[in-house]
Amino acid sequence: MTDEPKAPGRPAYPPGYDPVTHTYTPPIGPDGVPIYPEGYDPVTHRFTPPKPAGPPVASGGAAAGDPAKCPVDHGHHPYHSAEPSYAADGSRRTMLVTGASRGIGHSIVRKFADQGWRIITISRHAFERSRCPWEAGPEDHVQCDLADREQVPLAIVDIKARIGGGPLHALVNNAGISPKGPAGERLNSITTPMYTWMQVFHVNMLAPILLARGLFDELKRGQGSIVNITSVVGHRVHPFAGTAYATSKAALTSLTREMAADFAPHGIRVNAIAPGEIITDILSPGTEEKFLPLIPMRRLGRPEEVAELVHFLCSEASSYITGEEININGGQLL
Ligand SMILES: NC(=O)c1ccc[n+]([C@@H]2O[C@H](COP(=O)([O-])OP(=O)(O)OC[C@H]3O[C@@H](n4cnc5c(N)ncnc54)[C@H](OP(=O)(O)O)[C@@H]3O)[C@@H](O)[C@H]2O)c1
């Protein structure tokens, strides 16, 4: 992902736009979210001329191997599926994944792209075309800081527009942050700054429910599956992961249960996956040395192993499972 400022420049605001609150005057949609005009970019708060009418590339995804869309040689690219996958009602299987730019989220995209899903992604940074890990790429990437409570509702509006009244079959709340102190030290319940508490809870716990609620109609239409990525550290004190992180994940475990009960009558399943130590950027230096003796399988986990489990929970194979948190940790809690 490239490092781009999240709100560059001062936009030319249209009538009805309040640059202080970043809101428009009504109309307000049925879900309470303001409806923004076509061409509005909720991240930069800018307008661009609407695209000409015609079949949107984003809904079907670019054809694999289309050189106009992606510089990668798709014939040799493992991420791309030539065969789109369709649900029973004939709609293209569509998912939203947060934090897909690297780590576990990246593996989730690879897995679902291989299965022919259309994948919409969210992260703070712009889509990096050179990596081009999925078909529609930038057309289906929403740039949003999930810690920013003003940006999340705007991102929801953007995603709704991209889905265009269709179904959403899966929402994977994967983005997560685990801040450390200035010298990389663990932030405990005494040393965690208030700002950090707020930021961690926003990204790790609030964003999942805001997205699920905001996209409720789409998820109901798709009889979708929500997967929240929690953590082993929600269940016991960890030498590296801080208190705010641990408690946000414990809250997300509890939220998963609550959501499962509330969403089940609408045909939406909600489950969680609690990884142990998985090889990604989020791990602290020294994790391997510290944990290998404590993990009965004597190895760290791989992101693709988590992605397999996410796929299972979003597939028909798990059609009667809801409200569960599944551990994937090589036996770390035994
Ligand atoms: N790896 C592990 O051992 C492990 C263990 C237990 C649980 N988990 C959980 O698994 C999930 C994925 O972890 P990971 O190891 O793959 O982490 P990672 O490699 O650090 O990736 C985190 C992802 O979240 C995105 N992200 C971070 N802050 C964001 C924000 N404010 N707004 C939007 N996107 C944001 C990042 O993209 P940008 O930087 O582009 O925004 C990135 O794509 C997390 O929820 C984590 O807590 C991981």
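Could you say which residue among ILE226, ILE278, ILE273 is buried (at least 19 other Cβ atoms within 10 Å of the Cβ), near the ligand (Cβ under 9 Å from one of its atoms) and under 23 Å from ASP145 (Cα atoms)? Even if it seems obvious, please write down each step before you answer.
On the way: ILE226 fails: near the ligand (Cβ under 9 Å from one of its atoms); ILE278 fails: under 23 Å from ASP145 (Cα atoms).
So the residue among ILE226, ILE278, ILE273 that is buried (at least 19 other Cβ atoms within 10 Å of the Cβ), near the ligand (Cβ under 9 Å from one of its atoms) and under 23 Å from ASP145 (Cα atoms) is ILE273.
Would you please name the residue that is most open to solvent (accessible area, probe 1.4 Å), looking only at residues in region 314-323 that are more than 21 Å from SER85 (Cα to Cα) and touching a residue at least 60 places away in the same chain (Cβ under 8 Å)? Full working, then the answer.
First pass over region 314-323, keeping only residues more than 21 Å from SER85 (Cα to Cα): 320-323.
Within this subset, residues satisfying the condition of being touching a residue at least 60 places away in the same chain (Cβ under 8 Å) are 322-323.
Numbers: THR322: 54, GLY323: 28 Å².
Residue satisfying both the conditions and the ranking: THR322.
Please go through region 189-203 and pick out each residue that is in contact with a helix residue (DSSP H, G or I) (Cβ under 7 Å, 6 or more places away or on another chain) and outside any helix (DSSP H, G or I). Step through it out loud before you land on a result.
Step one: list which residues in region 189-203 are in contact with a helix residue (DSSP H, G or I) (Cβ under 7 Å, 6 or more places away or on another chain), which gives 189, 192, 196-197, 200-201.
Within region 189-203, SER189, THR192 meet the criteria.
Among the candidates GLY242, GLY234, single out the residue that is farther than 28 Å from ARG92 by Cα and either surrounded by fewer than 24 Cβ atoms within 10 Å (Cβ to Cβ) or among the aliphatic types (A, V, I, L, M) (or both). Give the derivation first.
On the way: GLY242 fails: either surrounded by fewer than 24 Cβ atoms within 10 Å (Cβ to Cβ) or among the aliphatic types (A, V, I, L, M) (or both).
After applying the criteria, what remains is GLY234.
Restricting attention to region 290-316, which residues are in a helix (DSSP H, G or I) and more than 23 Å from the chain's Cα centre (by Cα)?
Our first condition is that a residue be in a helix (DSSP H, G or I); within region 290-316, this holds for 290-294, 303-313, 316.
Correct list: LYS290, PHE291, LEU292, PRO293, LEU294.
Among (1) in a helix (DSSP H, G or I); (2) modelled with pLDDT of 85 or more; (3) out of contact with any Asp or Glu (no Cβ under 8 Å at 6 or more places or on another chain); (4) surrounded by fewer than 22 Cβ atoms within 10 Å (Cβ to Cβ), where does ALA155 come up short?
Failing condition for ALA155: (4).
How many of the residues in region 244-264 are free of Cβ contacts under 8 Å to residues at least 40 places away in the same chain, farther than 14 Å from ILE177 by Cβ and small (Gly, Ala, Ser)?
2
State whether one or more residues within region 182-189 are touching a residue at least 60 places away in the same chain (Cβ under 8 Å), at positive phi and within 12 Å of the ligand (Cβ to nearest atom).
Within region 182-189, not a single residue is touching a residue at least 60 places away in the same chain (Cβ under 8 Å), at positive phi and within 12 Å of the ligand (Cβ to nearest atom).
Please determine whether any residue of region 82-92 is at pLDDT 95 or above and either under 11 Å from the mean Cα position of the chain (by Cα) or not hydrophobic (A, V, I, L, M, F, W, C) (or both).
Kept after step one, since they are at pLDDT 95 or above, are these residues of region 82-92: none.
The answer is no, given that none of the residues of region 82-92 is at pLDDT 95 or above and either under 11 Å from the mean Cα position of the chain (by Cα) or not hydrophobic (A, V, I, L, M, F, W, C) (or both).
Look at PHE112 and say whether it is over 22 Å from LEU219 (Cα atoms), touching a strand residue (DSSP E or B) at 6+ places or on another chain (Cβ under 6 Å) and either buried (at least 21 other Cβ atoms within 10 Å of the Cβ) or of a type in the set (Ser, Thr, Tyr) (or both).
Values: over 22 Å from LEU219 (Cα atoms): no; touching a strand residue (DSSP E or B) at 6+ places or on another chain (Cβ under 6 Å): yes; either buried (at least 21 other Cβ atoms within 10 Å of the Cβ) or of a type in the set (Ser, Thr, Tyr) (or both): yes.
Answer is no for this residue.
The values are calculated or read from the model by the stated rules, or taken from the named source; none is laboratory data. Because the structure is predicted, anything quoted here is derived from the model rather than measured. Cβ atoms come from the backbone with ideal geometry, glycine included; neighbour counts cover every protein chain shown. Just the protein is used for accessible areas: all its heavy atoms, side chains included, with ligands, DNA and RNA removed. Shrake-Rupley method; radii C 1.70, N 1.55, O 1.52, S 1.80 Å.
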